[in-house]
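*Asks:* Take a look at this one; I'll ask things after.
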Amino acid sequence: MKYILEAVQQYPDVKNIFILNRIGRIVISINDKDMGRIIELRDPTCQVCHHGTTKALNKTVIYSSLQGEKIFRNVNPIYNRKECFSCHKLDFIFSNAPDAQKRLDEINSSLKR
């Protein structure tokens with residue numbers, strides 16, 4: 001799985017990509033320093049979709065980073081199916097969620113041409 005993330009990271013507009021578990025812990029990342037870090041649900045970049053609840057209202061958003069950079073963020077849960085239950089608990093609706101973040105600078109430049 002990390003190999004796939006590393007391949008995606010080769011695209012110049014990809015800012016970051018990682019996989020979160022159901023509590024927000026980064027379980028796979030292209031940046032080793034991020035491994036194990038927990039992104040709290042109250043984090044402003046999470047609240048864009050969650051608005052104070054664990055249920056996400058959106059899976060894709062565009063937000064501005066603290067540096068003013070426009071970021072396209074897509075998070076899609078991987079839902080457990082019957083085949084998943086041998087490794088994952090039955091009470092978990094989803095096991096992991098890939099989080100991909102892309103810079104919009106190049107896209108915006110292309111649109112202006």
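The values are calculated or read from the model by the stated rules, or taken from the named source; none is laboratory data. Because the structure is predicted, anything quoted here is derived from the model rather than measured. For neighbour counting, all protein chains shown are included, and Cβ atoms are generated from backbone atoms with ideal geometry for every residue, glycine included.
*Asks:* Are there any pairs, at least 6 apart or on different chains, whose C-beta atoms fall under 7 Å, with the first in segment 49-60 and within 17 Å of Arg73 (Cβ to Cβ) and free of Cβ contacts under 8 Å to residues at least 24 places away in the same chain and the second among the small types (Gly, Ala, Ser) and in a loop (DSSP other than H, G, I, E, B), and if so, which?
*Replies:* His50/Ala56
*Asks:* Quick check on my filter: what residues within segment 65-80 are over 13 Å from the mean Cα position of the chain (by Cα) and surrounded by 11 or more Cβ atoms within 10 Å (Cβ to Cβ)?
*Replies:* Ser65, Glu69, Lys70, Tyr79, Asn80 - these are the residues of segment 65-80 that are over 13 Å from the mean Cα position of the chain (by Cα) and surrounded by 11 or more Cβ atoms within 10 Å (Cβ to Cβ).
*Asks:* Restricting to segment 64-100, name every residue that is assigned to a strand (DSSP E or B), under 16 Å from Asn21 (Cα atoms) and either at pLDDT 80 or above or of a type in the set (A, V, I, L, M, F, W, C) (or both).
*Replies:* Asn74, Val75, Ile78, Phe94, Ala97, Pro98, Asp99, Ala100
*Asks:* For Leu111, only one of the following conditions fails: (1) within 16 Å of Lys55 (Cα to Cα); (2) at pLDDT below 80; (3) aliphatic (A, V, I, L, M). What is its number?
*Replies:* For Leu111, the failing item is (1).
*Asks:* When the residues of segment 1-19 are narrowed to those that are among the aliphatic types (A, V, I, L, M) and not in a strand (DSSP E or B), which ends up surrounded by the most Cβ atoms within 10 Å (Cβ to Cβ)?
*Replies:* Leu5
*Asks:* Related question: What residue, among those in segment 20-48 that are farther than 15 Å from Asn76 by Cα and small (Gly, Ala, Ser), is surrounded by the most Cβ atoms within 10 Å (Cβ to Cβ)?
*Replies:* Ser29
*Asks:* Being in a helix (DSSP H, G or I), closer than 19 Å to Glu106 by Cα and not aromatic (Phe, Trp, Tyr) is the requirement here; does Val61 meet it?
*Replies:* Against the criterion (in a helix (DSSP H, G or I), closer than 19 Å to Glu106 by Cα and not aromatic (Phe, Trp, Tyr)), Val61 does not qualify.
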